[in-house]
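Data block below; observations after.
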Amino acid sequence: MIFIDGQNLLYACREFSRKSGAGKRFRYDDSKLERMLVNLRPNRALVQVRYYTAVAEVDASRKNDEKRFQGQMNALSVLQSSNKWYVFYKIARAYPVICPYCRKDKEIVTICPECKQEIVMPKNKGVDVALAADLLIYGLHDKYPYDTATVVSGDSDFAPVIDSIKTHRPEVRIEVVQFRESVGDQLKLSPNVHFYDLDSRINQFGKFA
């Protein structure tokens, strides 16, 4: 069973693109990604791909933001209808943070290195919780437990969940797949995890464009 942290993968691809110096963005193909993950080891049968993400709500102050929102929703529909993935999404606002100077709530934004526009980062904590819960529930399910879980994320918050699964079912294989620079050491170095880097496999699931 494959669990994909959509936002974590997206930001990791952007960071990989920036550090590569190629001057282009690395874009992955959903179907090729699925095939690559299944074939990390030979003779495996895929049970299901489960995809988790947050979509920033429409911001009326941003030009054409409704078009951006609808485009993201359409893309999720394609994953469900064409790829037959299970998709969990949450409509979210940007992270509220406290400015250390004026003590007011602010949104976290990042600057796109290509077009220099501000990108509002949607809050995805509920998405992480959903992925972690499903990883645990399916891992410990009496009737339909998976024998291998492939987690596409670099978020070390999943490490305690993985440790719990391995404590109760030591025979389960847990794989973590992510770009090397985008995965926490707690995951990458965990004795309970088989780590696969995406850096050496980019030609198998995407391209610079």
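Where a number appears in this text, it was derived from the coordinates with a stated rule and is not lab data. Just so we're clear, the structure is a prediction, and the values are computed from it rather than from any experiment. Glycine also receives a Cβ, built like all others from the backbone with ideal geometry; neighbour counts cover every protein chain displayed.
Observations
- Approximate spin-label separation Tyr86-Ser31, in nm, with each point projected 7 Å along Cα-to-Cβ: 2.4 nm
- Each of Gln186 and Asn74 was given a label point 7 Å from its Cα along the Cα-to-Cβ line. The distance between the two points is 3.9 nm.
- Per-pair calculated FRET efficiency, R0 = 35 Å: Asp65 and Val38 via Cβ, rounded to 0.05: 0.45
- Entries of Lys24/Lys67; Lys67/Lys207; Lys19/Lys90; Lys84/Lys207; Lys24/Lys84; Lys67/Lys188 with Cα pairs more than 28 Å apart: Lys19/Lys90; Lys24/Lys84; Lys67/Lys188
- Highest to lowest packing among 189-196, 68-75, scored as the average C-beta count within 10 Å: 189-196, 68-75
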